[in-house]
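The next block holds one structure in the form of structure tokens; read it before the comments.
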Amino acid sequence: MLELHTWDPNSNSGKPIFTLKEKGVEFEYHHINLLEFEQHSPEYLRINPSGTVPTLIHDGMTFTESTPLCEYIDNVFDGPSLQPDDPMDRYRMRWWCWYIDTQFAPALSVLGWHSFMGPMVRKKDPEEIERLIARIPTKERRIAWSTAVKSSFTEDQLENARGRVNDGIQLMNARLAESEYLACPTYSLADTVAFANAYALPVSVPQFANREKAPDYMAWLDRIYKRPATRQAFEMGRTPLAERALEVIKKLET
Amino acid sequence: MELYHWEPVGDSAGLLILLEEKAIEYRGHYIDILGFEQYNDDHLQRTAMARVPVLAVEGKYLDVPNLAMQYLVEAFTPRLAPQDPRGWYEIQAWANVLDAGLRTSVSLLGWNTVMLPRMGASEREEFNQKYADRPVRERQAGWSEVFSDAEADEDQLTNARGRIRDAIAKIEAGLCDNGWLVGGEYSVADIHAFALCHTLPRLTPDIVNEEATPRMMQWLQNIENRPAVAKTLGRSRYNEDIYAPPG
């Protein structure tokens, strides 16, 4: 029995979806709508008291750390291996996951909230928003969500976030100039974690993510968009983000 | 193999203990953080972010300590971590909890409440000046790690205490089954946690003490009694607890 409670195939929510599709593992998909704050509902908090997505439940065991649970999926299920064998290559794979999770994604999420999540959520009644924020289980997350919903980022913060996202694109581009995939010559979880965060950058920051300034990064995106698992993952999405990704795939196929 | 490390506290302690427990031969190089040696050109060649510790293996520099520990688990026996997928997940999940909850908070609190008060006014001023001038500032583009001022304000200290309190509650609860964090056996998760919090009974006695966290106090004692750990802690050049400046 395998249940995945998560949002669309995007960022942390997307990591297990892409991983399970790559492995060819069947699972029960419970869509948690972040735009409706469903991850803070009493029902969801019973599954995962920290109110984060994703949550994977396998044989009665619960998994909530999004990158380690991808290693778990790869280790426990049959299907193509998504990790290199050599310990040093595995270090490199985990280094990229670490870099994306702790350095790149926080900067990207500032931009994502500012231009996408914030405007979507602000369509709600302000009192309803206050009520939804009040039930977030930890103070740190309440402050983060409050800032994000009100989009009270300063221009300095946005500029800093753009700079850091550009640095990340250049770092990936440099690595991908010498290797087809981030950790080793074949596709690994480093690519899953990076792609889940970086797949839409040609649309969200076209000034940095383009074929002139980051050709090897763009070629890597093409390669991953063309993987059957990638299409299957986006087909499960329910937001405009997934529709947009499917359009990219269609364009690449013609 | 070579290890560029500081005192047996925090991340340096984690790698020093793990190497000792696995009886791996290596050459150690002491980087004097309080003497700003991590900003020397030769160290910045190894790690652009001036990180300490750094594990050097076959010409590669591993500068994310928790991942360097995972590398040692997989590359050398005894493994000191479960083989089964669930146990391995728990090792990695603990690493995330420990790094997010304790790494920066313990150092920030220790630096501000223990180290700074030990300095005289002129020494403190001189340190703050050197800290402000450290070359890594220009290197931080693209990195979101905290590069705070040398001295924290009350809010930062309160937040650090809160994060420590939350992480300690998780450790105390995590020890409830059988005295170890993962799989009923001493593992790299215990080493990682011990490295980050073995000074807490003195730094935050209101949070870590016999009454509030009895299991953790026993666990600390059990780990300190291990020969590899006692030997590592005995290598300190100081007679009292010591903390790195933040950043």
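Computed from the coordinates by the stated procedures, all read-outs in this text should not be read as laboratory data. What you see is a predicted model; the values in this text were computed from it and never measured. Cβ atoms come from the backbone with ideal geometry, glycine included; neighbour counts cover every protein chain shown.
Step through the residues of region B:52-58 one at a time and calculate ³J(HN,Hα) from phi using the Karplus curve (6.51 cos²θ - 1.76 cosθ + 1.60, θ = phi - 60°), rounding each to whole Hz and writing x for Gly and Pro.
For region B:52-58, the Karplus-derived couplings read 9, x, 10, 9, 9, 10, 6 Hz, x marking Gly and Pro.
Measure up A:123/A:250; A:23/A:226; A:15/A:250 against 19 Å on the Cα-Cα distance and list the ones that go over.
Cα-Cα > 19 Å for A:123/A:250; A:15/A:250; rest within.
For a quick check: sort B:106, A:248, B:64, A:203 by the number of other beta carbons within 10 angstrom, fewest at the front.
In increasing order of surrounding Cβ atoms, one gets A:203, A:248, B:64, B:106.
Among the lysines, which fall within straight-line cross-link reach of residue A:124, defined as a Cα-Cα distance under 21 Å, with same-chain neighbours fewer than 8 residues apart omitted?
Output for residue A:124: A:150.
Could you tell me which of A:152, B:199, A:248 has its Cα farthest along the dipole of the protein assembly as shown towards the positive end, charges placed at Cβ (Lys, Arg +1; Asp, Glu -1), taken about the Cα centre?
The residue sitting most towards the positive pole is A:248.
In Å³ and rounded to a whole number, note down the convex hull volume per residue for the Cα atoms of chain B.
Convex hull of Cα atoms, per residue: 130 Å³.
Can you tell me the Rg and Dmax of region A:78-132, counting just the alpha carbons, in angstroms?
That works out to 18.7, 54 Å for Rg and Dmax.
Longest exposed-loop-site-free stretch of chain B, with trypsin sites (Lys or Arg not before Pro), DSSP loop and at most 16 other Cβ within 10 Å?
The longest uninterrupted stretch comes out as B:80-234.
Could you list A:181, B:89 so that the one with the fewest beta carbons within 10 Å of its beta carbon is first and the one with the most is last?
A:181, B:89
For region B:194-218 and region A:1-58, what is the separation of their Cα centres, given in Å?
Centre-to-centre distance over Cα atoms comes out at 35 Å.
Which residues' amide hydrogens lie under 5 Å from the amide hydrogen of residue B:60, considering only partners 5 or more residues apart or on another chain, with H built in the peptide plane?
none
In whole percent, what relative contact order does region A:106-160 give with Cα contacts below 8 Å and a gap of six or more residues?
That works out to 49 percent.
So which aspartates and glutamates can residue A:139 reach, going by Cα to Cα under 17 Å and dropping same-chain residues fewer than 8 places off?
Qualifying aspartates and glutamates at Cα under 17 Å: A:130, B:155, B:166.
Could you list B:15, B:203, B:34, B:108 so that the one with the fewest beta carbons within 10 Å of its beta carbon is first and the one with the most is last?
With the sparsest Cβ surroundings first, the list reads B:34, B:203, B:108, B:15.
Remind me, relative contact order of region A:18-75 in percent, using alpha carbon pairs under 8 angstrom and six or more residues apart?
Once normalised by length, the contact order is 25 percent.
Longest exposed-loop-site-free stretch of chain A, with trypsin sites (Lys or Arg not before Pro), DSSP loop and at most 16 other Cβ within 10 Å?
Within chain A, the longest run free of exposed trypsin sites (Lys or Arg not before Pro) spans A:1-121.
Give the lysines whose C-alpha is closer than 24 Å to that of residue B:22, dropping any in the same chain fewer than 8 places away, or say none.
Residue B:22 reaches B:60, B:231.
Given only helices, namely DSSP H runs of n ≥ 4 each adding -39500 (n - 2.57), what is the per-residue ellipticity at 222 nm of chain B, to the nearest 500 deg cm²/dmol?
-14000 deg cm²/dmol
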